[in-house]
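Below you'll find the structure, written out as C-alpha cells, and then a few comments.
Derivation of every value follows stated rules applied to the coordinates shown; laboratory data play no part. From a predicted model like this one, the values you see are computed outputs, not experimental measurements. Here Cβ is always computed from backbone atoms with ideal geometry, including for glycine, and neighbour counts include all displayed protein chains.
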Amino acid sequence: MISISTPTFDLQGSLIIRDYDPSTDVSSRSRRVSRTATLDGGCIIEDNGLSHSDRTFRIISSSLTKEDAALLGQMIEFYAVLYLSTPDGVFSGAIENLGYSNGTVTASFLVKEKLT
C-alpha cells in the first residue's frame, strides 16, 4: 500500500493506492559513487554514501479511477511538496509528472528527504 498526502490538512489531500502494478518502483536505491581510471590501469572509486534525495519513485496503478487521477492532479497543482508513505518509510518530495492513459495512472515522485 502507498499513500500520498499533503503536508497540511486538506479534505481532498490524501490518496491511498492499495493495488499497484508490479512495475511500480518505490524501493530502489543507489549510492553516490564514481569510478575514475588511473594511468596504471587501475581505478579509484569514490563513495560519498547514500542520499535519499537521489531517489525517484515510479508509481503505476491501473486500479485508480479517473477521479483519483484528478485528485492527484489537484494535489500537484496546489502543493509544491507532498508526502509519500511506502513500506520503506515516509518521504517528502514532489511529483515530477503525472499521466492517465487507458485506465492507468503513472507518476514519478522525486524524493527530497526521508522523514521516518
Among the residues of the range 61-83, which ones are more than 11 Å from Gly103 (Cα to Cα), among the aliphatic types (A, V, I, L, M) and in a loop (DSSP other than H, G, I, E, B)?
-> Ala80, Val81
Residue count, the range 45-84 (criterion: within 23 Å of Leu115 (Cβ to Cβ) and of a type in the set (Lys, Arg)) = 2
Of Ser61, Ser53, Ser30, which residue is surrounded by fewer than 16 Cβ atoms within 10 Å (Cβ to Cβ), in contact (Cβ under 8 Å) with a residue 40 or more places away in the chain and either of a type outside the set (Ser, Thr, Tyr) or on the phi < 0 side of the Ramachandran plot (or both)?
-> Ser53
